[in-house]
Structure formats: C-alpha cells, structure tokens
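Here's the structure we're looking at; comments come further down.
The values are calculated or read from the model by the stated rules, or taken from the named source; none is laboratory data. If you're wondering where the values come from, they're calculated on a predicted model, not measured in any experiment. Cβ coordinates were reconstructed from backbone atoms using ideal geometry, including for glycine residues, and neighbour counts include every protein chain displayed.
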Amino acid sequence: MAAAPQSTADSFILETRHLTKEFSGFVAVSNVDLRVRRGQIHALIGPNGAGKTTFFNLLTKFLIPTRGQIVYRGEDITLEKPAQVARRGIVRSFQMSAVFPHLTVLENVRVGLQRSLATTFHFWKRESSLAVLNTRAMELLDGVDLAPFAPVVAVELPYGRKRALEIATTLAMDPELMLLDEPTQGMGHEDVDRVTTLIKQAAANRTILMVEHNMHVVSKIADTITVLQRGQIIASGSYAEVSRNPLVMEAYMGSTDTELRMRH
C-alpha cells in the first residue's frame with residue numbers, strides 16, 4: 001500500500017498567507033506567501049527597503065499584520081502575543097548583538113537556559129542555585145567555540161564572538177525555528193566564516209529562517225532563498241535559480257547583465 005501523502009503542516013513548519021503590513025498608506029509587506037520547509041536553512045534576501053525586517057517583526061509579533069495569516073506547524077498564530085510565539089519555539093536573534101554586556105559569557109547562556117525551569121528567571125537567586133545549569137551551558141559554549149571565554153564579561157568579547165554568544169544563548173532556549181537577523185553583519189572574513197559554520201551546525205536539528213546580505217554566506221548554506229523587493233516576493237528557489245533570475249539581478253544591480261557579480 002502506498003504511503004499517505006505528507007501533510008502541509010508536516011512539510012512546512014512556517015507559512016504566511018497573503019501577509020500584508022501597511023503604514024499610513026505605505027505598503028511595507030504586500031501579499032507575501034512564504035513557505036519554510038521543516039529542517040532547512042531558508043534565506044530571505046533583498047535590497048535595502050525591501051521589507052525584510054518588517055516581515056521578521058510580523059513573524060515575531062512586534063507588529064500586527066494589516067491582513068493575512070501566519071501559520072506555524074499548521075496552527076494560525078496571527079493574533080498571538082510575542083511571548084506566546086516564543087513559547088511555541090520560535091526564537092529570534094536580533095540584527096545587533098543582544099547579549100547582557102555586564103554578565104559573563106556563562107551567565108548569558110544560563111539566562112537562556114532558565115526558560116526550562118519552573119520559574120523563568122532567577123536573577124535574585126543565589127549563584128549556587130543555578131549551578132545545575134552549568135553543565136548544559138558549557139556544552140553550548142563548547143559548541144560555538146566559546147568555552148575558554150566562559151568567565152569573561154560579555155562586553156569584553158570581540159564583535160564576532162558576541163554574535164557567537166548570541167547564537168549560543170538562542171540555542172539555550174531550544175528553539176524549533178530560529179530567526180536570524182543579519183547574523184554576519186559588520187564582521188571580518190574570519191568571523192563570517194566562523195558564524196557561518198555555527199549556523200550550519202545549529203541547523204542540524206532545527207529550521208532556520210535568516211535575513212542576510214552576504215551573498216557568499218547565502219550561497220554556502222541556504223537550501224532555499226526567497227527574494228523580496230518593495231515588500232513583495234519576486235523569486236524563490238535554490239541559489240543557482242535565484243542568482244540567474246532577471247528580476248533579482250534587476251533588483252540588486254539595476255541591470256540583467258550581472259549574474260557573475262551577484263555571486264560575490
């Protein structure tokens with residue numbers, strides 16, 4: 001007997017349906033139908049002003065859509081609050097490093113891990129009461145090459161290491177879907193390579209949707225790429241497909257004779 005066809009909810013962890021956001025008549029996101037396949041790294045790219053950050057803000061409920069739906073694991077979450085969405089396993093890492101600067105590297109990761117305890121945050125508890133979290137925190141730090149930096153105050157970390165810490169802290173919350181907002185922005189080549197590797201490792205047991213400008217990073221790790229322009233999807237597919245799309249070349253370079261330049 002043939003196997004039953006896989007349901008849409010099983011195949012796609014996240015869907016948006018005609019998602020639209022207007023600001024006083026300006027349409028920032030327009031009728032976006034996006035499907036993020038479970039277990040993939042899905043990159044959202046586009047020129048400045050394309051609506052990528054607004055789209056992310058809609059997904060994490062910092063903005064309410066003008067119309068349309070957001071469906072996560074087959075359930076409509078359009079009207080849910082940010083905390084409800086986070087509890088479902090959707091966790092966002094922000095464009096600028098969002099660590100606690102005056103806590104140590106280890107303490108930052110423990111903050112993320114406290115979500116698994118009966119009481120979410122324990123800033124007022126004794127240090128000894130949080131020791132149970134240390135083993136897992138060190139495992140996460142080791143996974144992002146930060147174990148030697150565990151006692152270092154976060155503000156003293158180089159920028160690239162702060163972004164690695166942010167990834168570790170996000171992973172501590174055990175997300176099923178990670179939303180990464182410009183994870184390599186402002187980094188040198190060495191840090192870009194390190195964080196790209198960390199993202200690939202993080203994707204082993206979860207789904208990642210990322211906004212990223214660095215085409216080298218996108219070409220290296222993204223399974224699917226969706227391109228936004230003026231709030232609308234103009235292309236979606238593999239990097240090979242998207243990089244040859246005339247609409248994408250026009251959006252990025254103002255010319256269709258730019259395939260090779262877009263690749264770098």
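Laid out as a table, the results:
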{"item": "Any pair with Cβ under 8 angstrom, 6 or more apart, that starts in the stretch 11-33 at a residue that is free of Cβ contacts under 8 Å to residues at least 40 places away in the same chain and ends at one that is outside any strand (DSSP E or B)", "result": "Ser11/Arg38; Phe12/Arg38"}
{"item": "Selection from the stretch 140-158 of residues that are outside any loop (DSSP other than H, G, I, E, B), surrounded by 13 or more Cβ atoms within 10 Å (Cβ to Cβ) and either among the aliphatic types (A, V, I, L, M) or in contact (Cβ under 8 Å) with a residue 60 or more places away in the chain (or both)", "result": "Leu140, Leu141, Ala147, Val153, Ala154"}
{"item": "In the stretch 205-223, the residues that are under 17 Å from Arg38 (Cβ atoms) and not basic (Lys, Arg)", "result": "Asn205, Thr207, Ile208, Leu209, Met210, Ile221, Ala222, Asp223"}
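Each row is one residue, and each column tells you yes or no for (1) modelled with pLDDT under 90; (2) farther than 20 Å from Leu165 by Cβ.
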| residue | (1), (2) |
| --- | --- |
| Pro65 | no, yes |
| Gln69 | no, yes |
| Gly74 | no, yes |
| Glu80 | no, yes |
| Ala83 | yes, yes |
| Ala86 | yes, no |
| Val99 | yes, no |
| Leu103 | no, no |
| Asn108 | no, no |
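Residue by residue, here is whether (1) assigned to a helix (DSSP H, G or I); (2) of a type outside the set (Ser, Thr, Tyr); (3) surrounded by 15 or more Cβ atoms within 10 Å (Cβ to Cβ) holds:
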| position | (1), (2), (3) |
| --- | --- |
| Thr184 | no, no, yes |
| Val195 | yes, yes, yes |
| Ile199 | yes, yes, yes |
| Leu209 | no, yes, yes |
| Ser219 | yes, no, yes |
| Ile225 | no, yes, yes |
| Ser236 | no, no, yes |
| Ala240 | yes, yes, no |
| Glu250 | yes, yes, no |
